[in-house]
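Remarks on the structure that follows.
The values are calculated or read from the model by the stated rules, or taken from the named source; none is laboratory data. Please read all numbers here as calculations on a predicted model, not as lab measurements. Positions of Cβ are generated from backbone atoms using ideal geometry, with glycine treated the same way; all protein chains shown enter the neighbour counts. All accessible areas refer to the heavy atoms of the entire protein, side chains included, with ligands and DNA or RNA removed. Shrake-Rupley method; radii C 1.70, N 1.55, O 1.52, S 1.80 Å.
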Amino acid sequence: MSIEHKRPLTLRDVSEASGVSEMTVSRVLRNRGDVSDATRTRVLAAAKELGYVPNKIAGALASSRVNLVAVIIPSLSNMVFPEVLTGINQVLEDTELQPVVGVTDYLPEKEERVLYEMLSWRPSGVIIAGLEHSDAARAMLEAAGIPVVEVMDSDGTPVDAMVGISHRRAGREMAKAILKAGYQRIGFMGTKMPLDHRARKRFEGFTEHLAKSGVEIEDRAFYSGGSALAKGREMTADMLERSPDLDFLYYSNDLIGAGGLLYLVEQGIDIPGQIGLAGFNGVELLQGLPRQLATMDSCRVEIGRKAAEIVATLLENPEAQIEKIVTLSPKISYGDTLRRR
């Protein structure tokens with residue numbers, strides 16, 4: 001699916017939609033002048049519904065663009081996203097385009113604000129994490145008139161183009177490997193997932209496959225805040241105290257998985273004989289652990305590269321025939337914590 005790259009919206013569009021003059025629209029959007037509350041509300045509602053973003057390039061035509069690509073991600077503290085940025089930069093450094101980063105902290109309302117501000121500077125393209133957005137954010141993306149690439153996920157329908165992996169399939173594949181290795185009493189630890197849609201989809205795929213095989217997760221724990229080794233140690237200790245008979249622990253990311261691994265090694269527990277472990281993301285930083293954690297690579301650098309290639313190609317030739325739906329296939333790394341059978 002793709003959107004037609006239309007002309008950018010103008011004050012006239014908002015004027016026609018709200019039934020007031022362009023001058024009044026301008027006053028409202030600049031928060032200047034004497035405008036009634038009713039008119040202000042009508043104009044702002046029309047602008048939001050259209051996805052209109054004002055042009056902050058002083059004195060420039062509304063159709064002008066700057067050589068910036070807006071890159072909007074949920075976190076910089078999560079090691080996943082700097083690697084996506086690395087892939088983007090590897091491609092764009094050979095062009096006149098420069099990536100500019102905005103961070104949303106997984107909050108839909110913050111994503112709206114960041115997107116609004118970045119689009120107001122008229123970038124040449126947008127690379128944005130995830131497929132789930134508020135109605136207002138989606139309207140802005142659809143009305144931007146520039147290449148838009150949603151990254152990290154392929155379980156859904158993009159605004160324009162998408163590059164990612166199927167997180168539901170990733171969850172299913174890990175569940176399949178765990179069951180094949182003979183583990184049956186499984187605990188899960190992960191982020192509080194209403195706002196982390198990709199972790200939620202992995203969990204859904206994981207539990208769905210277990211259920212089809214007649215296995216249910218016996219214990220689960222969720223945390224908020226950044227992923228950390230200390231959090232993984234703490235959650236693992238608590239879970240095994242509650243459920244000492246578990247024989248496998250599945251973590252929503254490698255960092256908390258690494259914390260759990262360190263705790264189990266300290267306790268002298270046989271890994272993967274007595275208990276197996278697996279995380280997600282394939283974070284290279286963790287290769288120095290005393291045991292290699294089983295995981296699944298989320299193809300981060302490649303996602304960044306392919307997204308940047310789509311933007312750069314479409315900017316050079318808007319009519320270029322390119323693949324705009326790209327689903328990559330991560331593979332399980334069994335490491336030292338998941339038996340192979």
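With the contact rule set at Cα under 8 Å and sequence spacing of 6 or more, what percent relative contact order holds for the chain? Rounded, it is 18 percent for the chain. Relative to the current alpha-carbon distance between ARG341 and GLN274, full extension at 0.36 nm per residue lengthens the span by 22.5 nm.
From the residues ILE186, LEU210, VAL53, which one has its Cα farthest along the dipole of the chain in the positive direction, the dipole being from +1 and -1 charges on Cβ of Lys/Arg and Asp/Glu about the Cα centre? Of ILE186, LEU210, VAL53, it is LEU210.
Based on the reciprocal of the average 1/r between different C-alpha atoms, the Kirkwood radius for the stretch 164-265 equals 13.6 Å. Charge dipole of the stretch 130-193 (Cα centre as origin; +1 on each Lys and Arg Cβ, -1 on each Asp and Glu Cβ, all else neutral): 660 debye, rounded to the nearest 20.
Which residue, LEU277, MET118, VAL35, has the largest displacement toward the positive end of the dipole of the chain when charges sit on each Cβ (Lys, Arg +1; Asp, Glu -1)? The Cα lying farthest towards the positive end belongs to VAL35.
Most simply put, the chain has about 5% antiparallel DSSP beta bridges, counting only bridges with both residues inside it.
Taken along its principal axes, the alpha carbon cloud of the stretch 127-192 reaches lengths of 52, 22, 14 Å, longest axis first. Per-residue ellipticity at 222 nm from helix content only, as computed over the chain with -39500 (n - 2.57) for each DSSP H run of at least four residues, stands at -13000 deg cm²/dmol. For the cross-link pairs LYS176/LYS306; LYS180/LYS331; LYS48/LYS110; LYS176/LYS324, which exceed 23 Å when the distance is taken from alpha carbon to alpha carbon? Beyond 23 Å: LYS176/LYS306; LYS176/LYS324.
Hey, can you rank 83-90, 269-276 by average C-beta count inside 10 Å, highest first?
Descending packing order for the listed peptides: 83-90, 269-276.
For the stretch 256-297, the calculated P(r) over all alpha carbon pairs, in 10 Å bins from 0 to the bin holding the longest distance, is 28, 60, 12 percent.
Surface composition of the chain: carbon and sulfur make up 48 percent of the accessible area, probe 1.4 Å.
Backbone phi angles across the stretch 85-97, fed through the Karplus curve with coefficients 6.51, -1.76 and 1.60 (θ = phi - 60°), yield HN-Hα couplings of 4, 4, x, 4, 5, 4, 7, 6, 5, 8, 10, 7, 7 Hz in residue order; Gly and Pro are listed as x.
For the stretch 37-50, the Karplus equation 6.51 cos²θ - 1.76 cosθ + 1.60, evaluated at θ = phi - 60°, returns couplings of 4, 5, 5, 4, 4, 5, 5, 5, 5, 5, 4, 5, 5, 6 Hz by residue, with Gly and Pro reported as x. When only the Cβ of Lys, Arg, Asp and Glu is charged (+1, +1, -1, -1), the dipole of the stretch 212-317 relative to its Cα centre reaches about 240 debye. Within the listed set THR327, THR41, THR295, the residue fluctuating most in the Gaussian network model of the chain (springs between alpha-carbon atoms under 10 angstrom) is THR41.
Protein heavy-atom accessible surface, 1.4 Å probe, per residue over the chain: 46 Å².
P(r) tail, the chain: Cα-Cα pairs separated by more than 34 Å, 35% of all pairs. Taking Cβ atoms as reference points and 15 Å as the exclusive limit, the residues near ARG340 contribute a net charge of +4, counting Lys and Arg as +1 and Asp and Glu as -1. Taken over the stretch 196-315, the convex hull of the Cα atoms encloses 132 Å³ per residue.
Scoring 156-166, 112-122, 314-324 by mean Cβ neighbours within 10 Å over their residues and listing the highest first yields 156-166, 112-122, 314-324.
Electrostatic bookkeeping for THR104 treats Lys and Arg as +1 and Asp and Glu as -1; over the other residues with beta carbon under 11 Å from its beta carbon, the sum is -2.
The charge dipole of the chain, taken about the Cα centre with unit charges on the Cβ atoms of Lys, Arg (+1) and Asp, Glu (-1), comes to about 220 debye, rounded to the nearest 20.
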